[in-house]
Each structure stands twice: as structure tokens, then as C-alpha cells.
Amino acid sequence: MSSGTENKALEVGDVISLDDENGEAVGDFEVIALFAMNGREYVALTPALEQEPAEEEELEVFILGVENQELIALDEAEEAAAFDKLDELLEDAHAGAEHQHE
């Protein structure tokens with residue numbers, strides 16, 4: 001999987017275009033989180049939307065590894081561990097946001 005972001009550090013909110021291994025365009029994706037786990041960097045992506053989704057609508061989320069500023073697919077076990085870590089990070093962020101509003 002490749003993106004048009006080589007040689008540029010990703011940031012939350014960036015919208016990137018991804019191509020599959022055959023160079024075919026997959027689509028545009030928004031970076032929703034960047035995190036590290038077990039010495040490796042990861043990026044969480046969701047399809048870029050032109051408008052805000054309805055509250056009850058679930059967003060599709062993808063996690064890819066980042067190696068030498070290139071995005072790489074994960075095996076099932078690593079992907080599951082990365083989703084667990086992302087859930088943890090999002091829960092912590094949500095709890096922190098609730099605490100600030102008190």
C-alpha cells in the first residue's frame with residue numbers, strides 16, 4: 001500500500017490518497033490517530049468524508065504500520081493488537097475530555 005505522503009510526516013487531520021499494491025487508487029483517507037506500540041509507529045485512518053457522519057453512523061477505521069514514512073499492511077495478530085491500543089487511547093482521550101468539562 002502506498003500513499004502520496006512519502007517524505008512528509010503524517011499528522012492527525014491530514015487527508016491522504018492510498019493506492020493498492022497494483023498502483024490502483026483505493027481512495028482518500030483522513031488520519032484520525034498516530035501512535036506507537038512495541039517500537040513501531042501506527043496510523044489509524046478513516047475514509048475521508050465530504051460531510052460529518054450522522055451520530056449513529058459508524059466510521060470504518062483502518063490501521064496501518066508506518067515504516068520509513070511508508071504505510072504497510074499488518075498481519076491479523078498485529079492489527080488486532082493495534083486496534084486494542086487505539087481503543088485504549090480513544091477511551092483515555094474521551095475520559096480526559098469529560099474531566100475537563102467538569
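Read-outs: derived from the displayed coordinates by stated rules, not from any lab. Predicted model only: the values in this text are computed from it and were never measured. Cβ atoms come from the backbone with ideal geometry, glycine included; neighbour counts cover every protein chain shown.
Provide the gained length on full extension for the span Leu34 to Glu88, in nm with one decimal, where the gain is 0.36 nm per separating residue minus the Cα-Cα distance.
18.1 nm
What's the FRET efficiency of Asp19 with Ala81 using the Cβ-Cβ distance as r and R₀ = 25 Å, to the nearest 0.05?
Once the sixth-power term is evaluated, E becomes 0.45.
Sorting check: for 26-34, 13-21, which peptide has the highest mean count of neighbouring beta carbons within 10 Å, and how do the rest follow?
Top to bottom by mean Cβ count within 10 Å: 26-34, 13-21.
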